[in-house]
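Okay, so here's the structure we're looking at.
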Amino acid sequence: MADSELVPPFTLGVLGSGKGSNLVAIAEACTRGEVAAEVAIVLSDEKGAGILSQAERLGVAHRFISPGDYRTKLDENAEQAYITALREAEVDLVVLAGFMRILKGEFLRAFEGRVVNIHPSLLPSFPGLEAWKQALDHGVKCTGVTVHYVNQGVDSGPIIAQEPVSVWEDDTPESLYERIQEVEQVLYPRVIGEILKKLMRDG
Ligand code: GRF
């Protein structure tokens, strides 16, 4: 029996700025009944982001919400607009999938303990941008993927799950990142499913 038949479905709000491969993996896992949830809304700070076209293709509600004047965070009005959109969609879990803005106080208080992120390295190694390039430049033989709760820092919240990815002698940044993304697309839906089961148990 699929998990979706065992527990009532939860709702997810997905935030992203990029192409949306994680959104697709999560939404498809929901459709297959492997994750007892549905993606209720997709929000992006980038008007032309691939994640918005993927949401459109998947038939999921989606919106561009302008981030305001800052480069790395949301301004106050934008933060409120994101909170309102997620509340209106009654999301149980906020899933960051390549969202390129730091979320702070007000937002994290609004969804306390319910904001997760995926990062393309084995944190605490290589936080920040282009973590796969950082790993290659450093010469590590193994990097990977981390799913973690979001706190006020950059890629520094409590770790939920990790999966290693070997670095090959002839890897380019592109080839390494491609393998990392393949792992992300399996790990993220699985971990989200586990978090929802825990929410179900703990109420
Ligand atoms: C992923 O590599 C994720 O680890 C990072 O941003 C990227 C988003 O990729 N935080 P996509 O838009 O889901 O394809």
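With the requirement that a residue be open to solvent by 60 Å² or more (accessible area, probe 1.4 Å), touching a residue at least 12 places away in the same chain (Cβ under 8 Å), within 23 Å of Ala37 (Cα to Cα) and part of a helix (DSSP H, G or I), what does the range 52-87 give you?
Correct list: Ser53, Arg87.
Go through (1) out of contact with any Asp or Glu (no Cβ under 9 Å at 6 or more places or on another chain); (2) part of a loop (DSSP other than H, G, I, E, B); (3) polar (S, T, N, Q); (4) touching a residue at least 24 places away in the same chain (Cβ under 8 Å) and name the single condition Ser125 misses.
Of everything listed in (1) out of contact with any Asp or Glu (no Cβ under 9 Å at 6 or more places or on another chain); (2) part of a loop (DSSP other than H, G, I, E, B); (3) polar (S, T, N, Q); (4) touching a residue at least 24 places away in the same chain (Cβ under 8 Å), Ser125 misses just condition (4).
Given (1) on the phi > 0 side of the Ramachandran plot; (2) within 16 Å of the ligand (Cβ to nearest atom), where does Gly139 come up short, assuming only one miss?
Going through (1) on the phi > 0 side of the Ramachandran plot; (2) within 16 Å of the ligand (Cβ to nearest atom) one by one, Gly139 breaks only (2).
Name the residue, out of Tyr188, Tyr177, that is open to solvent by less than 40 Å² (accessible area, probe 1.4 Å), aromatic (Phe, Trp, Tyr) and not in a loop (DSSP other than H, G, I, E, B).
Unique residue meeting the criteria: Tyr188.
So, in the range 41-51, of the ones that are out of contact with any Phe, Trp or Tyr (no Cβ under 9 Å at 6 or more places or on another chain) and outside any helix (DSSP H, G or I), which residue ends up surrounded by the most Cβ atoms within 10 Å (Cβ to Cβ)?
Out of the qualifying residues, it is Val42.
Based on this model, can you work out whether Leu93 counts as crowded, with 17+ Cβ neighbours inside 10 Å and in contact (Cβ under 8 Å) with a residue 40 or more places away in the chain?
Values: crowded, with 17+ Cβ neighbours inside 10 Å: yes; in contact (Cβ under 8 Å) with a residue 40 or more places away in the chain: yes.
Yes.
Could you grab the pairs with beta carbons closer than 9 Å, sequence gap of 6+ or different chains, first residue in the range 16-39 and in contact (Cβ under 8 Å) with a residue 12 or more places away in the chain, second one of a type in the set (Phe, Trp, Tyr) and within 14 Å of the ligand (Cβ to nearest atom)?
Pairs that qualify, where the first residue is in contact (Cβ under 8 Å) with a residue 12 or more places away in the chain and the partner is of a type in the set (Phe, Trp, Tyr) and within 14 Å of the ligand (Cβ to nearest atom), are Gly16/Phe99; Ser17/Phe99; Gly18/Phe99; Asn22/Tyr188; Ala25/Tyr188; Ile26/Tyr188; Ala29/Tyr188.
Restricting to the range 140-174, name every residue that is open to solvent by less than 70 Å² (accessible area, probe 1.4 Å), within 25 Å of Leu108 (Cβ to Cβ) and among the β-branched types (Val, Ile, Thr).
Those that are open to solvent by less than 70 Å² (accessible area, probe 1.4 Å), within 25 Å of Leu108 (Cβ to Cβ) and among the β-branched types (Val, Ile, Thr): Val145, Thr146, Val147, Val150, Ile160.
The values are calculated or read from the model by the stated rules, or taken from the named source; none is laboratory data. Every value quoted in this text rests on a predicted model; they were computed, and no experiment measured them. We place every Cβ from the backbone using ideal geometry, glycine too, and count neighbours over all the protein chains shown. Heavy atoms of the whole protein, side chains included, go into the accessibility calculation; ligands, DNA and RNA do not. Shrake-Rupley method; radii C 1.70, N 1.55, O 1.52, S 1.80 Å.
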